[in-house]
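Here is the structure we will look at.
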Amino acid sequence: GTSNHFRTQALVELGGWDPYNVTEDADLGIRAAALGYRVGVIDSTTMEEANTSIPNFIRQRSRWIKGYLQTAIVHARRPVALVRRIGLRAFGSFLLLIGGTPAVFLLVIPFTLLTIATIAWPGLFGAGVIPPGRCGSP
């Protein structure tokens, strides 16, 4: 992440950044939890450059999806060992946040297309949500 701050000693103990992972904040967070570190938020403002075009936005999100998938696969290879290292509660959070994030991103396109199809062709999936002649009627 653009606003990660680590004590040097902690970063050394964590083994530094994984040079192949594009979601280093997620990866380091899991490794920090495994070593018993606590993570906090510093009340500050950080300036960063936002994407100014849709293609750049899509490329960035695609990298994030790849990074979250990579992080989930690497750390969940041995789920029982991960639960022992970080605890059951943190493992549940890991599954929801790290594993669930790519799933949500990947479901956006099919659900968007499904919504468009349902609006464009109301009878496509059965009788439709609103019966004919009922729109606006009490």
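Where a number appears in this text, it was derived from the coordinates with a stated rule and is not lab data. Nothing here was measured: the structure is a model prediction, and the numbers come from that model. A quick note on method: Cβ atoms are made from the backbone with ideal geometry, for glycine too, and the neighbour counts reach across all protein chains shown.
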- Query: Computed from these coordinates, which is Rg/Rh (Cα atoms, Kirkwood Rh): (i) 0.94; (ii) 1.15; (iii) 0.97?
  - Reply: (ii)
- Message: I'd like the trypsin sites (Lys or Arg not before Pro) in segment 14-87 restricted to DSSP loop residues with at most 15 other Cβ atoms within 10 Å, sorted by number.
- Response: Arg38, Arg77
- Within segment 9-24, find all residues whose amide N lies under 19 Å from a label point positioned 7 Å from the Cα of Arg77 along Cα-to-beta-carbon. 14-24
- Task: Could you list Tyr20, Tyr37 in order of exposure, starting from the residue whose Cβ has the fewest other Cβ atoms within 10 Å?
- Result: Tyr20, Tyr37
- Task: Just tell me, in residue order, which DSSP H segments of the chain are both 20 angstrom or longer along the helix axis (alpha-carbon based) and at least -1.0 in mean Kyte-Doolittle hydropathy.
- Result: 54-75, 100-120
- Listed with the fewest Cβ neighbours within 10 Å leading, Thr71, Thr45, Thr23, Thr101 appear as Thr45, Thr101, Thr23, Thr71
- Message: Let's test the formula: R0 of 35 Å, r as the Cβ-Cβ distance of Glu49 and Ile116. What FRET efficiency results, to the nearest 0.05?
- Response: 0.60
- Where does each of His5, His75 land when they are ranked from fewest to most other beta-carbon atoms within 10 angstrom? His5, His75
- Note on the structure: Sorted by chain and then number, the residues having a modelled amide H within less than 5 Å of the amide H of Leu14, at least 5 places away or on another chain, are none
- Query: Based on DSSP H runs of at least 4 residues, each adding -39500 (n - 2.57), what is the mean residue ellipticity at 222 nm of the chain after dividing by all its residues, to the nearest 500 deg cm²/dmol?
  - Reply: -17000 deg cm²/dmol
- Apply 1/(1 + (r/R0)^6) to the Cβ-Cβ distance of Arg61 and Leu95, taking R0 = 22 Å, and write down the FRET efficiency to the nearest 0.05. 0.60
- Task: Whole number please: convex hull volume per residue, Cα atoms of segment 1-73, in Å³.
- Result: 104
